[in-house]
Every structure is written in C-alpha cells, then in structure tokens.
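One structure below.
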Amino acid sequence: EGVLSPNGKSIVFTSLKDGDLEIYTMDVNGSNLKRLTNTPGYDGGPWWSPDGTKIVYRAHHPRDSTELRQYRELLAQGMIRPSKVELYVMNADGSDNRQITSLGGANFGPSWTPDGKRIIFSSNHQNPRSSNFDLFLVDLDGRNLERVTHAPVFDGFPMCSLDGKSLSFASNRNNEK
C-alpha cells in the first residue's frame, strides 16, 4: 500500500515493521523513514492530498481488550477483518490526525477531489453486512456526506482526474459471474 507523493519525492505506505499495521513516510531512496500513526489496530490505504500536505487513510482501532486480542490473533496469522473501518485525515508529518467518518460498515479506498477539499471513498455503511459498496464524498471535517453512485453492486477505488472532469472507479456492473 505505497503511494508516491505528488512531487515525486516521498512515499506513504502501510507496514507491519513495528508489529502493528501503521502508516509511514520515507523519501523515495528509502531515507528519512517516519512513522505517522501509533494507535493499536489497523491503519492502511494512505493517499496523499493533491498538494502533498495531507494524507487520508482508513483505520480500525479496537475499542476494548477483547477486540484488541482478536485483532492481534488475526494479525499473527497474516489476516485482518476489514468489516469496520472509518476514514482519518492527518497532516503529511502525522500531526492533526483526526477521524472524519463515523458511518459504520467498511469505508475504504479514499482519494481526494482535485481541489483537496473533499474525500471520495467507497462504503457499505447503508447495509454493512452486504457487498454493495457505493461511492461517497465527504468534507475534511466529516460533514456534507454525498452519495455519488447508486448501483446494487460493488463500486470502489475511486480516483478523480487532475482537472476534475472525470472519475474512474472499479465496479462489478455488467459482471456475468
């Protein structure tokens, strides 16, 4: 889960190097490694803002000792249970880290609108046990949630063109199997 910064000088990525799934940055040559997250639980899918000053990611932080134990047991087997993940935004140096969604379900695949003011992501929060994921937009403060797609199948991994005129995403539409 590594993504090159807009200026091409840094990489943001998820790693187990310290025993938990955390987010790090480093220069493209591997120097200046910096850990940005430090909360037990899953932090993943980081993505740079268009200007490289912020990072959005998905996370699940266990709320009690039982959830934490279950998470660590799965992690020891190389697995995670991504059924409950919310979106977070932080500055590129890891400061001002804050949760921006509290929707329930799986909220993932976050990306940015070209102006860097909104996040586009995939979610099944309207029916958390289903495989029906639609795309949503949300402001950086978690307000103004807007549904973008309305298909009864999986829509995910959205990405806006730099000029904001098009949107690309994966979908199971017209899938025969």
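The values are calculated or read from the model by the stated rules, or taken from the named source; none is laboratory data. This one's a predicted model, so the numbers in the text were calculated from it and none came from an experiment. Quick reminder, even Gly has a Cβ in these numbers, built from the backbone with ideal geometry, and neighbours come from all protein chains shown. In case anyone asks, the SASA skips ligands and DNA or RNA and just uses the protein heavy atoms, side chains included. Shrake-Rupley method; radii C 1.70, N 1.55, O 1.52, S 1.80 Å.
Observations
- Lys pairs, the chain - Cα-Cα below 29 angstrom, 8 or more residues apart or on other chains: 17
- Of all accessible heavy-atom area on the chain, the percent that carbon and sulfur account for (1.4 Å): 49 percent
- Ordering of 113-119, 37-43, 140-146 by burial proxy (mean other Cβ atoms within 10 Å per residue, highest first): 37-43, 113-119, 140-146
- Among 84-91, 17-24, sorting by the average number of other beta carbon atoms lying within 10 angstrom of each residue, highest first, gives 84-91, 17-24.
- Karplus-derived HN-Hα couplings along segment 68-74 (A = 6.51, B = -1.76, C = 1.60, θ = phi - 60°), whole Hz, x at Gly and Pro: 5, 4, 4, 4, 5, 5, 5
- Taking all protein chains as they are arranged and a probe of 1.4 Å, the heavy atoms of LYS34 leave approximately 90 Å² accessible to solvent.
- Between the beta carbons of MET159 and MET26, assuming R0 = 22 Å, the FRET efficiency works out to 0.45 to the nearest 0.05.
- Site pair MET79 and ARG129 shows an inter-label distance of 2.0 nm when each label is modelled 7 Å from Cα along Cα→Cβ.
- Rg and Dmax over the alpha-carbon atoms of segment 52-137 stand at 14.1, 41 Å.
- In this structure, the amide hydrogen of PHE154, modeled 1.01 Å from its nitrogen in the peptide plane, lies closer than 5 angstrom to those of PHE133, ASN172, counting only residues at least 5 positions away or on a different chain.
- 3J(HN,Hα) couplings calculated from phi for segment 135-145 with the Karplus curve 6.51 cos²θ - 1.76 cosθ + 1.60 (θ = phi - 60°) are, in sequence order, 8, 9, 10, 8, 6, 5, 9, x, 9, 6, 5 Hz; Gly and Pro show x.
- Stretching the chain fully between SER65 and SER95 yields a gain of 8.2 nm (0.36 nm per residue, less the alpha carbon separation).
- Segment 83-126 shape via C-alpha gyration tensor axes, a/c threshold 1.5: oblate
- For segment 102-151: rounded, prolate or oblate by the Cα gyration tensor [a/c cutoff 1.5]: prolate
- For segment 131-177, alpha-carbon Rg relative to the globular expectation (2.2 N^0.38 Å, N residues): 1.28
- One chain, two ends: GLU1 and GLU146. Fully extended at 0.36 nm per residue, the span grows by 49.6 nm beyond their Cα-Cα distance.
- Cα convex hull, segment 46-89: 85 Å³ per residue, rounded to a whole number.
- Kirkwood Rh and Cα Rg combined as Rg/Rh, the chain: 0.96
- Simple spin-label estimate for SER102 and LEU16 in nanometres, 7 Å along Cα-Cβ: 3.2 nm
- Along segment 23-28 the Karplus relation, 6.51 cos²θ - 1.76 cosθ + 1.60 evaluated at θ = phi - 60°, assigns HN-Hα couplings of 9, 9, 10, 7, 5, 5 Hz to successive residues, with x for each Gly and Pro.
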